[in-house]
Every structure is written in C-alpha cells, then in structure tokens.
Amino acid sequence: MSRGGISTRKHAKVLIAEDSRTQAEILKSILEKHGFVPVVAENGRQALDMLDSEKPDAIISDIVMPVMDGYEFCRAVKSDERYCHIPVILLTMLVDSKDIIYALVSGADNFITKPYQGDHLISHLKKVLADASHPAPEDIPGQPFDLIHSGKTFRISHSRQHIIELLLSAYEAAVIQHQEVLSGQKRLSEANDEANLYLDIITHDINNVNTGALALTELLLMKTADTHKSHAQRLVNCINQSTEIIGNVSTIRRLHEIKETIREIVLDDIIRNEIRRFSTNRIRYSGTKARVMADTLLGQVFANLVGNSTKFAGAKAEIFLQVVDHPDHVEVIVSDNGPGIPDDMKPVVFDRFRKGMNPKSGKGLGLFIARTLVENYGGKIWADDRIKGQPDKGAAIHFTLKKAG
C-alpha cells in the first residue's frame, strides 16, 4: 500500500464509470483477466456516490454519459481532498484537440482512445497506479495558467510533468490511430484487388460466352419457324440483359476508378454503334450532326435506355431515337411503345436500386448509371410520356448534353 491507500498489486480495485452495459462488461472482463477487481457505475453521479463505500484504487471513466459526464465526474473527484489522490483515466474518441485540453482541465491523470486494445489499457492503468504509489519529487502542482484555444480560455493547473505525460498519451494515441488507418488501407487495397479480379472475370470471360451465345441464338432466330420465333427472341433478350448487367458493373467500376476527360464526341457515331448491338429490334433514328461534350462512357447511356425499352416493350417493341437541336445543347429523346412509366414513379425512376412495379423491373442500376453519366457531363435527365398525358402509350426518357465548341 502507498499514499492515500493506493495499491500497486494486481488485485487493485478499479471503479468503472460507463453507461453502456456492453462496453462496461468488455472493460470488466479485461480487468478481471489481468487480476484487477472491477466495480461498475452507470454514470458519473453514481460513481461519485460509490467512492466512499468502494474506496477504489483507480478510476476508468467514459466521457459521454447521462446525468454526469466523465469530465464533470473527474473534476468532482480531483476537487475533493478525500479522493483527489485516486488516479483517473478517461476514455475518449480523441476526435478534437479540445479533448486533450478538457482532460487537463478536469484533472485527469491519463486518457485512452476508443476503440482500445486490452493490453494497451492495462499498461496505462499499471502506470498511473505506479505513479500514484511513487510520485516523483518534482511532481508538484505548477502555477495555474490560462490557455486560449479556439477562442476559449481554459485554466490549467497541472504540473509540467503531468502535462507532458498527457501530451505523450495524446501522441501515442495518434500513432496508434495512424497505424490502424494504414492497416485498414492495406486491407481495403487487398480487398479491392480481389474484387477487381472477380470483376475482370465477369467483364471478360462471361462477356465472351455471351457474345458466342448471342451469335448462335440470332442464327437460330433466323432459321426458326415463325411459330417458335418468340421463344428464340426471348433468349436473345435474356442474353442482351446479361450483357447489359455486365456493362453496368463495368461502368460503375470505371466511374469510381477512372476520371475520364470530357471532350468533343461525335454523337451520331455513338448512337449508331449502340443501335448495332440491338439489331433485332425496330429502332427508328434519322441521324444527327451534333458534336457534344462527353467521354467514352456516353455509349452506356444509350445502351441502358435502349435496353430498358427493349425489356419493357417486349417482342413488338418500337424504339424511337430523336436528337433535338438547341442553341447551346442538344436534347436526346429515347421513347418506346411499351407500358410507360406511372406518374408517381417518374421523379424517382433514376434512383439507385429503385425497382418499378412491373415484373420485368430489375435492380434499377441502368437508369441510375444513365443519370450519373449525364449529370457528370453537365446535363439533365428526366422521364416523361411518349404521348403527353398518356403514360400507358409508352415511355420517353429525355436528357440533355452540352454542345461542343
């Protein structure tokens, strides 16, 4: 035993002030594992009331608690002559430099950042117990001084040694957090590499299978009797949908990984290239001379919109592609003779994972990607009726692109 009855033995009693039962049990288990005797209070006020009966050798307190928080509790302990000798460790998230100042002002002997490792907490606990048992001769209270930080004045009365120890604790906590960030970044990088491997398999190998299957199915479609053509057409549509999904995955990947330069694009080339992918559909397009500002992903917008029309309009789909010229931009309209989009769905149809009521509705990625790309180009996109006021006569997706030059 030593000054103020503080014990340096492993079975020293530690008062825990923690309002979370889960966190309190975790901390209690760590202390018991290392031979300490923990007692738990649910907040600072309850912990203060337990000091006289429990006579703890050390206190570990959370900061954010109801009734009385950790800072207020620590100040109450350190301002009472009966208990001021008891070392107090505060548990903090250390998200702001003011956390260190508040710990100093409250009179805390040390602090530990959350989340913490058990061994790290125990080493700090043993140190404050040893320091309290064998105080350094020069560790006498210093002359109080005012510290101004973020426009506020804080009164500090700790000794120089105490201040240095708290600053070292802060530095140690920052180093640990930095190491955890580096470790997390490494794990994320490894997970990203593994995910990219899977995406490469999807976008390359499966696409190759789809290309072969589509060629054979289109040949089958040409040679199949009229009575069975609908089945072959459905197979073609399924393969096209599979290709569309893979294209969406690839596009999302490129959106996150590569920031392409917006440049002048010949719009007609992009549209005709995508039309060729849907050669079995009736697509009406009269051409355009427009040059717009976009990148190589622009084709995915048309692929997704035409693919959507094909999916919902079915075997008798008629798709209309129109480019309307305006002074500083062009307006592209992709419409069809399908079931249309209900009025209440029009404002949200481009939201991510927004699934429509139609049984053919997918995960909603296609329209979400189309909106993301169009907005990246500085344009707008919206849903309307092919024939105004008659949503059951087909859908029309409008979007704008800035003109080049």
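For this structure, a couple of remarks:
- With 23 Å as the limit on Cα-Cα distance, the pairs of LYS127/LYS152; LYS78/LYS98; LYS126/LYS152 that go past it are LYS127/LYS152; LYS126/LYS152.
- Entries of LYS186/LYS403; LYS259/LYS316; LYS223/LYS289; LYS229/LYS402; LYS33/LYS55 with Cα pairs more than 31 Å apart: LYS186/LYS403; LYS259/LYS316; LYS223/LYS289; LYS229/LYS402
- Here the relative contact order of the chain, from alpha carbon pairs under 8 Å that lie six or more residues apart, stands at 9 percent.
- The trypsin sites (Lys or Arg not before Pro) of region 224-327 that DSSP puts in a loop, and whose beta carbon has at most 13 other beta carbons within 10 Å, are LYS259, LYS289.
- Take each peptide in 188-194, 14-20, count the other Cβ atoms within 10 Å of every residue, and average; sorted highest first, the result is 14-20, 188-194.
- 11 Å cut-off, amide nitrogen to a point 7 angstrom out along ARG253 Cα→Cβ, residues in region 184-213: 193-207
- Folded to 0 to 90 degrees: helix 118-133 orientation relative to the chain principal axis, Cα: 20 degrees
- Among beta bridges that DSSP assigns inside the chain, antiparallel share in %, nearest 5: 60 percent
- Neighbour cut-off at most 11 other Cβ (10 Å), DSSP loop, trypsin sites (Lys or Arg not before Pro), region 24-132: ARG82
- Each label was represented as a point 7 Å from its Cα along the Cα-to-Cβ direction; for ASN208 and ALA195 these points are 2.5 nm apart.
- Angle between the chain longest axis and helix 365-376 axis [Cα atoms, degrees, rounded to 10]: 80 degrees
- Anisotropy class of region 17-86 from Cα gyration tensor, a/c 1.5 cut: oblate
- Neighbour net charge for ILE319 - beta-carbon separation under 9 angstrom, K R +1, D E -1: 0
- Estimated 222 nm signal from helices in the chain, with DSSP H stretches of n ≥ 4 weighted -39500 (n - 2.57), rounded to 500: -15000 deg cm²/dmol
- For region 38-139, the relative contact order is 24 percent, taking Cα pairs closer than 8 Å that sit 6 or more residues apart in sequence and dividing their mean separation by the residue count.
- For the pair ALA225 and CYS84, label points projected 7 Å from Cα toward Cβ lie 10.4 nm apart.
- A simple charge model with +1 on the Cβ of Lys and Arg, -1 on the Cβ of Asp and Glu and nothing else charged puts the dipole of region 260-405 at about 420 debye relative to its Cα centre.
- Size of charge dipole - the chain - debye, nearest 20, with Cβ of Lys, Arg +1 and Asp, Glu -1, no other charges: 1460 debye
- Backbone N within region 380-405 under 20 Å of label point (7 Å from LYS346 Cα along the Cβ vector): 380-401
All of the numbers you see were taken from the coordinates with simple rules; none came from a lab. On a predicted model such as this, the values are computed, not experimentally measured, just so you know. Counting neighbours? That spans all protein chains shown, and the Cβs are built from the backbone with ideal geometry, glycine included.
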